[in-house]
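The values are calculated or read from the model by the stated rules, or taken from the named source; none is laboratory data. A quick note: this is a predicted structure, and the numbers were derived from the prediction, not measured. Neighbour counts run over all protein chains shown; Cβ positions are idealised from the backbone, glycine included. Please note that ligands, DNA and RNA were not included when accessible areas were found on the heavy atoms of the full protein model with its side chains. Shrake-Rupley method; radii C 1.70, N 1.55, O 1.52, S 1.80 Å.
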Amino acid sequence: MNKGLLIVFSGPSGCGKGTILKQFLARNEDVRVSVSATTRAPREGEQEGVSYFFKTKEEFEELVRSGGMLEHATYVGNSYGTPRASVEAWREEGYHVVLEIEVQGALQVKRNCPDALLVFVLPPSFEELERRLTGRGTEEPQVVARRLAMAKEELESAGQYDYILVNDVVEEAVADLETIVNAEQMKTPHMQDFLKGLCEV
Ligand code: 5GP
């Protein structure tokens, strides 16, 4: 069996990454989403170990120091990071693992794991992004403003990703993501174990 893909999924807050991923997961049993660690306070409805592993600053720093993070970054004043162990274990079991992370972390992954597949999600327009962020109603207006400013900065990094998905109609974006993942897993470097198995017969 081939090792699973490492899929890095980024895009500005409010671009609909979460919705796309939820549908992608529902339709594809061979995919796992990594649960990140963060120092951010839980939002209403967020569950420990499901949405995030919520950590104190000290706990987070210790995880980084001990080499337990595949990547980590600071975003709007809080730390976020991907625990390494579960990602490696799932990939070895053949699952594709999705990291829903911001751009600094994504570029660290690209440097450390050159076989990672980087996908950037764009809103159809900046006005639509603003409308989605304001309409969500879960954040203070200042936080929305900071997230919008951050989004503008993040868009500049989209060019360093392998693929860009425009999320206008969610179902179409999910289908496009499936096309990308299907093609990626047939690339020669990802078919090595299968190829070896055939040659050994
Ligand atoms: P939020 O606070 O809205 O849940 O997440 C803020 C940003 O942090 C989002 O862009 C999200 O994708 C990113 N993020 C979540 N987990 C991680 C992680 O483990 N590493 C990095 N680098 N970014 C993350």
### Query
Of Gly11, Phe120, Pro83, whose Cα points farthest to the positive end of the dipole of the chain (charges on the beta-carbon: +1 Lys, Arg; -1 Asp, Glu; origin at the Cα centre)?
Pro83
### Query
In a GNM of the chain with a 10 Å cut-off on Cα contacts, which of Pro42, Pro12, Pro83 has the highest mean-square fluctuation?
Pro42
### Task
Report P(r) for the chain: all Cα-Cα distances, bin width 5 Å, range 0 to the bin holding the largest distance, values in whole percent.
1, 7, 14, 19, 20, 18, 11, 6, 2, 1, 1, 0, 0
### Message
Taking θ = phi - 60°, what integer Hz values does the Karplus form 6.51 cos²θ - 1.76 cosθ + 1.60 yield along the stretch 196-201, in sequence order, with x for Gly and Pro?
### Response
4, x, 5, 5, 6, 5
### Task
Would you rank Met69, Met191 by solvent-accessible area, highest first, keeping every protein chain in place and using a 1.4 Å probe?
Met191, Met69
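My understanding is that a pair violates if its Cα-Cα distance is over 32 Å; which of Lys17/Lys55; Lys22/Lys196; Lys57/Lys187; Lys3/Lys57; Lys3/Lys152 do that in this structure? Show your work: numbers first, answer last.
Details: Lys17/Lys55 23 Å; Lys22/Lys196 34 Å; Lys57/Lys187 40 Å; Lys3/Lys57 34 Å; Lys3/Lys152 35 Å.
Correct reply: Lys22/Lys196; Lys57/Lys187; Lys3/Lys57; Lys3/Lys152.
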### Task
Report the trypsin sites (Lys or Arg not before Pro) located in the stretch 136-201 that are in a DSSP loop and have at most 16 other Cβ atoms inside 10 Å of their Cβ, or state none.
Lys187
## Note on the structure
Amide H contacts under 5 Å for Val8, restricted to residues at least 5 apart in sequence or on another chain and with H modeled in the peptide plane, are Leu99, Leu117, Leu118, Val119
### Message
If you restrict to DSSP beta bridges whose two residues both lie in the stretch 11-158, what percentage is antiparallel, to the nearest 5?
### Response
55 percent
### Message
Give me P(r) over the stretch 73-189, computed from all C-alpha to C-alpha distances, binned every 5 Å, as integer percentages.
### Response
2, 9, 17, 20, 21, 16, 10, 5, 1, 0
### Query
For the stretch 1-149, what is the relative contact order in percent, using Cα pairs closer than 8 Å and at least 6 residues apart in sequence?
39 percent
### Query
Where nothing but the Cβ of Lys and Arg (+1) and of Asp and Glu (-1) is charged, how large is the charge dipole of the chain around its Cα centre, in debye to the nearest 20?
280 debye
### Task
Quick one: which residues, 5 or more positions from Glu102 or on another chain, have an amide H under 5 Å from its amide H? H modelled 1.01 Å from N in the peptide plane, none for Pro or chain starts.
none
### Task
With a 1.4 Å probe and all protein chains in place, put Thr38, Thr19 in order of accessible area, largest first.
Thr19, Thr38
### Task
Would you kindly state the longest site-free stretch of the chain, with sites defined as GluC sites (Glu not before Pro) in a DSSP loop (not H, G, I, E, B) surrounded by at most 14 other Cβ atoms within 10 Å?
94-155
